[in-house]
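Presented below is the structure to which this report refers.
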Amino acid sequence: MRRLLCACALMLAVACSGPESRTASDRLTVDGVDAFSDGRPRAAVGRFSAAAEASAARDDRARLARDLHNRGLALLAAGQAAAAVADLGESLRLASEMRASADDRARTRLALAAAQVAAGQAAAAARVLAECEPAAPSLMARVLASRAALALREGRDELAAGLLAEARRQAGEDPWALSAVAVNHGHLLRRRGDPDAARRAYREAAALSRAVGDHAGLVAALEGEALACEAVGELAAAAEAWRRAAAVPHGGEAARARRLEAAARCGARAAR
């Protein structure tokens, strides 16, 4: 399977008592989060870079870990996976040194694993996820769903099914976790030869991802739906799903071009 979903929320600005106590890094982080949420990952990279410089100048390692985490996610969204791996790896190192909360470390592990898979480092991603310490159930559900995605890449369908069942149990009502479970369940159903059920799972994942503004989850769901449509010969529907995936600002220009090329290919075949 080509797609690993690791739904990773940005770590927002450090809580403070009021605007007067915010650092320059905090203010830049807020700007970066806004740019990221608006679908402008390159602008977000610039804001998070400036935030990281401000945190480093103050020797503020807690904020620097946050800034590198955020910049890593923005770099991944911009299609710069190798640079994202470097930032997220350093963020995890800093968070571990400072004994940051298990939840924060789990979020960074999820982000790092996603970047590693995008960079062609699936084995490293598996190690990062396997070393995750117990965290909040919704975060552990996302870790399990990501491990299931890696199992599917290796053809270990039964392992993936078990991981997804446990992930669904722990997800509760968290939309990020439920989206991660749904999209990877779609992958499993497609592998098992049930594209119609897979499409339902992908559409559920897409709706959840839209609701929380998760571009990575949305593009994974749309690409999955496109492939499921192709599997049953619904090429016009596949082309439309590929076009919708291309419109999502995640993965950089090369990924957008690949999706548009797939849309054109399916559209041409549908017109024959």
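FYI, it's all coordinate maths here, none of it is from the lab. Nothing here was measured: the structure is a model prediction, and the numbers come from that model. Ideal geometry is used to build each Cβ from the backbone, glycine not excepted, and the neighbour counts take in all protein chains shown.
For this structure, a couple of remarks:
- Semi-axes of the equivalent ellipsoid for the range 127-272, Cα gyration tensor, largest first, Å: 27, 16, 13
- Summed residue charge, Cβ within 15 Å of Ala65's Cβ, Lys/Arg positive, Asp/Glu negative: 0
- Most to least packed among 59-66, 251-258, 48-55 [average Cβ atoms within 10 Å]: 48-55, 59-66, 251-258
- Amide H contacts of Gly213 (H built 1.01 Å from N, under 5 Å, at least 5 apart or other chain): none
- The chain: equivalent-ellipsoid semi-axes (sqrt of 5 x gyration tensor eigenvalues, Cα, Å): 32, 21, 15
- Over every Cα atom in the range 22-135, the radius of gyration and the widest Cα-Cα span, Dmax, amount to 13.3, 40 Å.
- For the range 75-92, 3J(HN,Hα) computed residue by residue from phi via the Karplus equation (6.51, -1.76, 1.60; θ = phi - 60°) reads 4, 4, 5, 7, x, 10, 5, 4, 5, 5, 4, 4, 5, 6, x, 5, 4, 5 Hz, glycine and proline entered as x.
- Taking the chain and dividing mean pair separation by its residue count, relative contact order in percent (alpha carbons under 8 Å, at least six apart): 17
- Charge tally for Glu261 (other residues, Cβ to Cβ under 14 Å; Lys, Arg +1; Asp, Glu -1): +3.
- Per-residue ellipticity at 222 nm computed for the chain from its helices equals -25000 deg cm²/dmol, with DSSP H segments shorter than 4 residues left out and the rest contributing -39,500 (n - 2.57).
- For Ala237, the shell of other residues with beta-carbons less than 10 Å away shows a net charge of -3, using +1 for Lys and Arg and -1 for Asp and Glu.
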